[in-house]
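*Asks:* Mind having a look at this structure? Questions to follow.
The values are calculated or read from the model by the stated rules, or taken from the named source; none is laboratory data. If you're wondering where the values come from, they're calculated on a predicted model, not measured in any experiment. Note: ideal-geometry Cβ built from the backbone for every residue, glycine included; neighbour counts use all protein chains shown. Ligands, DNA and RNA are excluded from the accessible area calculation, which covers all protein heavy atoms including side chains. Shrake-Rupley method; radii C 1.70, N 1.55, O 1.52, S 1.80 Å.
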Amino acid sequence: MMLVHETTRPGDPPMELFAAIGALGARESEAGTLVEVGGLLPIEAGSVVTLAAGAIATTDGPFVEARELVGGYSVYDVADLAEANAKAQAFLQAHLDTWPGWEGWVEVRPVMEQPAQP
């Protein structure tokens, strides 16, 4: 799974970025490696549900001091971390090529496999 973190967002994403990401998605779908992808609405549309001191609480956005936001995610079925990192680099290259001033990073995390049921 790849989580896209934004640290600098210079306005709304340009249409060229959507086209570049669409082309990446089409290529990965054709190759059979793309499982799922999605963008996330701004933090103001969300909430955080916490468990602390034995109590569950819900806090609606926006949140104070939000410096790095998760802007989207994708799930790939790849052989290893090196291949996943290459997918993340291609995604960031699309941002570099089409959205001047955008900065961020992609967190690449393996998904835990569920144990087989007897």
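*Asks:* Only residues in segment 35-46 that are farther than 21 Å from PRO110 by Cβ and of a type outside the set (S, T, N, Q) count as the first member; pair them with residues that are at pLDDT 85 or above and open to solvent by 90 Å² or more (accessible area, probe 1.4 Å), Cβ under 7 angstrom, at least 6 apart or cross-chain, and list the lot.
*Replies:* Listed pairs, sorted by first residue: none to list.
*Asks:* Related question: Inside segment 2-18, can you point out the residues that are among the hydrophobic types (A, V, I, L, M, F, W, C), over 15 Å from LEU96 (Cβ atoms) and in contact (Cβ under 8 Å) with a residue 12 or more places away in the chain?
*Replies:* MET2, LEU3
*Asks:* Within segment 97-118, restricting attention to residues that are within 18 Å of the chain's Cα centre (by Cα) and hydrophobic (A, V, I, L, M, F, W, C), which residue is most open to solvent (accessible area, probe 1.4 Å)?
*Replies:* Restricting to residues being within 18 Å of the chain's Cα centre (by Cα) and hydrophobic (A, V, I, L, M, F, W, C), the top hit is MET112.
*Asks:* Does segment 44-60 hold any residues that are open to solvent by 50 Å² or more (accessible area, probe 1.4 Å) and under 19 Å from the mean Cα position of the chain (by Cα), and which are they?
*Replies:* Within segment 44-60, GLU44, ALA45, SER47, VAL48 qualify.
*Asks:* Let me ask you something else. Give the residue that is farthest from the chain's Cα centre (by Cα), with candidates limited to residues of segment 1-37 that are small (Gly, Ala, Ser), surrounded by fewer than 16 Cβ atoms within 10 Å (Cβ to Cβ) and under 13 Å from PHE91 (Cβ atoms).
*Replies:* So the residue we want is ALA23.
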